[in-house]
Structure formats: structure tokens, C-alpha cells
Amino acid sequence: MTLWRSRIPGESDPSAQALNSSLAVDRRLGPQDARASAAWARALTRAGVLTPPESDQIIAALGAIGTELETGVFGFQETDEDIHTAVERRLAELIGPLAGKLPTGRSRNDQVVTDFRLWVLDHLPALDAAIADLQTALLERAEADAAAALPGYTHLQRAQPILLSHWWLSHFWPLLRDRERLEQVQRRTGQLPLGSAALAGTAYPIDRDALAADLGFEAAVPNSLDAVSDRDFAVEFLFSLALTGVHLSRLSEAVVLFSSREFGFFEIADAFSTGSSQMPQKRNADIFELARGKAGATIGALAGLLATLKGLPSAYDRDLQEDKLPVFMAYDTLSLLLPALTGALRSLVVNRERMQAALEPDLFATDLADYLVRRGIPFRQAYEISARVVRLAGEQSVPISELTLADLKRLSPAFESDVQAVLDTSRSLAQRSARGGTAPEAVAEQLKEARRAWSHPARNAQGGKG
Ligand code: ARG
């Protein structure tokens, strides 16, 4: 059934039909379409357009259609142009001409975007929960790996010793911001377009606030033109998904590196490792590589939607039909990635010895400079001296810890015999005890803060009220 055939008689060319049809994508909005339509029937009843018995009959049939859609038994037809057309066709099959009263004062333009907003609202909680699960895995790791230290890297060069817990938590906080962002997206998505009709507003006395409350929206969009063309909620949701994808990709890249033979810090559990069909010795990190790779497609989805929206004249244009696929694609991607990464992190084996072995004495060069600072030497000068210590050790092909006190004293008389104590991981870590640092006590505090924030991301993420 095409809704507009009485205006343009004759058959559509099959190629045009194929292009017009969005059913393959928007059939996922089925349950939301049935729900929004039932609310519309109630609104029409309050406006005196439908009698209560008519409304009851429509709503009962929509309930049945909703069940058909949710259980997958709904029979789609070749001629259904989109989900709205399909539901309207099915309603007529079930209750006859009375079905024709439902579209009164409503257009597919306000209908589709209402359904889409409902879909986003329906799926936000599952996404939040999946991110929260991954955070839980990170918290568990931070707790279990509390005694392990490894080199922290900048520019992929060994820089300073850090606690592995501190490193795990560094991946916790971005995800907290993601969840905070999702809460904000939820608020802005919860604005109701329905009751805006095609573009100019509905010509029936619809109480849009009551309709908003009925569908669980916070308020009705104040401008009908904006209501039918605004897809900011979809862009923001997609941005959120894309940024979470970026966060997952960074974590994944680190795991790929750390589980390589060159680093040897991590071993990915069998259940999350993949082999090579050619090289039997290999143990690949495909799960993490896929996370890294799929982040690219989610960024592409976001860029694609923004490009679709750019320069659109008001109000509804058919370009807007292209809004759903990128959102569904990115959502599906994240729904696939998050549980896999959660399981893979939980079962990851940490090789503390390899990490320990990577903590070479040169990593204490900053601690050496700090030692001199405590003896009254300005940091810039202390840095110079420490750099010369590193150079001298290089010339002698020994670690800085093996230089003699006499060697050191030649570079600065401020060095005393207690300098050896500085070249020590625990000591180096303990120095960094200011809030946010890698000292065990600071990390223990951070872990507590993370646990508290986990249950209230909106209140606790950085930038929030704390
Ligand atoms: N399938 C369409 C979409 O997703 C529904 C709205 C059609 N509106 C129209 N004026 N042709 O955007």
C-alpha cells in the first residue's frame, strides 16, 4: 500500500520503489510505532476526535500488532514502504475502515521522529549497562592487580613506573564520562515531536503535554518545524557511541601491544584468543583488534549523519530517512564489542615478572632530579645533572643504579650515599601521592572514588558537581 497513490496515480517504477523503501532498516521501529500510535489514539480521544469505544478498538489492535512485531510474526508485505505504512495496513486488516481515523492530525513526519526518539530512549539503558559492566571489570582488575607495577609510557617510550591498578583506572574514567554523556543525551532525546503533524502543527485540539507524559517524554518540542526536522538527538547519541568506540579502541590497542611477545605483560585467555590458520605458534588478539577497527566505522557513521543533515532546508526532507541506519549500525557495533571486551579483560592473565623486568633503573631519572631538588637545587639544573647521569651510564653501558657514588659526586656534590634508595620502584611510586597520582595510597583513594562514581555517573564524572 502506498499512502499517496490517489494523488499520483499509476504504479511506481520498481527502481523508484526500491529506493523509496526504508522498511529493511526502519522495521526495527515497529514496537515504538505501535506504542506511539496507541498514545496518539488516546490523544485523539481526549481531543474528541475518536469516541472511547473507537479508541479502545484501535488501541487493542495496536497492542496485538505490537506483539506481532516484537515476536517476529508480523507479516510484512512487498508493498509496505516503511514501518508506518506496514502498521497502518495491518491495522486496517484487523479493524477495517476505523483504522483510517488514526492518521487524523498526524503525519509520518512527526511520527517517524517520535518513533526514532522512543527507540533511542528504549536502548540507552542497555548501552549504559554494558558500559557499566566493562567498568566493573576494570574495577575488579584494579583491585586484583594492586601489587603490580609496570613502566608507564609516553610516546610509546618507557617513562616512569606506575601501578597497574592506576593504568586500569585510567580506562575507567573515560567510560564514566561516556555514561554521563548518555544521561544528557537521554534528557535531550526526551522531547516529543508528535503533534507537529507534517510541518505546521496539528489542526486538532491535541494536548501535547499530556501526550508527552503518556509516552514518557519530558516535554513537547515547542516548534513544529524544528520538531519534524531536528535530528540533534540522533547525532548526539551517535557521537556518544563513536566516542565510546574511540575509548575502547585505545584500551584495545594497549592490550594488543601488551600481549605481544615483545612486551609480554598480558596473556589473553584461550576463550578470547584466536589462532592463525597458517602459523600454529600464533595467538592473536583479534577481539581487541576488532574493537580498534570497528571504532573507525562508528566514526564514519557519525560523519555520515552530519553530512546528511548539513544544508537541509526546513522542515522534513526525504534525506532524513537516512538517519536511522548509522545509529543502528553504531549501536549494534557497541552492543557486540562491550560484552566481548568485558569478558576478555576479566580473564586476562597478567605477567608481573615481565612488567617488573621492564622497570629498568633509567625510569628513575626523574626521581634522581627530584632527589637533587630536595637538596635545594632548582629543578632545571637538577634535570641537567640527572641527564648527565643517564648519559654517563650509557657511556659505561650500565644502568644508572650501577654508577658509583664517586661517579655521581663528580657530576654533583649534592649526591650522598642515600641516593641509592631513590632508585627503587616502591619509593618512586610512593612519591606520587598527591590526588590522582600513582602512589598506592592515592590509587586506593581513587579506586574508592571510582566505585562511588560508578553508580552515579552524572553526579560524579569530572566536570560534574562531584
Ligand atoms: N520512511 C520515512 C522516513 O524514515 C517516513 C517519513 C516519510 N515522510 C514523507 N514525507 N515522505 O523518514
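The values are calculated or read from the model by the stated rules, or taken from the named source; none is laboratory data. Everything numeric in this text was worked out from a predicted model, so none of it was measured. As a convention, Cβ positions derive from the backbone with ideal geometry for all residues, glycine included, and neighbour counts pool all protein chains shown. Surface accessibility is based on the protein's heavy atoms, side chains included, excluding ligands, DNA and RNA. Shrake-Rupley method; radii C 1.70, N 1.55, O 1.52, S 1.80 Å.
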Could you count how many residues in the range 70-106 are hydrophobic (A, V, I, L, M, F, W, C) and outside any helix (DSSP H, G or I)?
4
Hey, among Arg391, Arg435, Arg451, which residue is of a type in the set (Lys, Arg) and within 19 Å of Gly152 (Cα to Cα)?
Arg435
A careful count of residues in the range 300-326 that are assigned to a helix (DSSP H, G or I) and away from the ligand (no atom under 12 Å from the Cβ) gives 10
Can you find a residue that is out of contact with any Lys or Arg (no Cβ under 6 Å at 6 or more places or on another chain) and within 30 Å of Asp367 (Cα to Cα) anywhere in the range 240-253?
yes
Is there any pair with a first residue in the range 409-437 that is in contact (Cβ under 8 Å) with a residue 12 or more places away in the chain and a second that is assigned to a helix (DSSP H, G or I) and among the acidic types (Asp, Glu) whose Cβ atoms are under 6 Å apart and which are 6 or more apart or on different chains, and what are they?
Val422/Asp367; Ser428/Asp367
List every residue pair whose Cβ atoms lie under 9 Å apart, where the two residues are 6 or more positions apart in sequence or sit on different chains, the first residue falls within the range 372-396 and is at positive phi, and the second residue, located anywhere, is open to solvent by less than 40 Å² (accessible area, probe 1.4 Å) and not acidic (Asp, Glu).
Gly376/Ala414
Some residue of the range 391-401 being under 18 Å from Ile377 (Cβ atoms) and β-branched (Val, Ile, Thr)
yes
Subset of the range 251-299, residues among the polar types (S, T, N, Q) and part of a helix (DSSP H, G or I), comes to Ser252, Thr298
Among the candidates Lys310, Lys294, single out the residue that is over 22 Å from Val221 (Cα atoms) and open to solvent by 20 Å² or more (accessible area, probe 1.4 Å).
Lys294
So, Arg352, is that one outside the structural domain of Asp122 (by TED's automatic domain parsing), open to solvent by 70 Å² or more (accessible area, probe 1.4 Å) and more than 16 Å from the ligand (Cβ to nearest atom) or not?
no
So Ile131, is it within 29 Å of the chain's Cα centre (by Cα), within 16 Å of the ligand (Cβ to nearest atom) and farther than 18 Å from Ala197 by Cβ
no
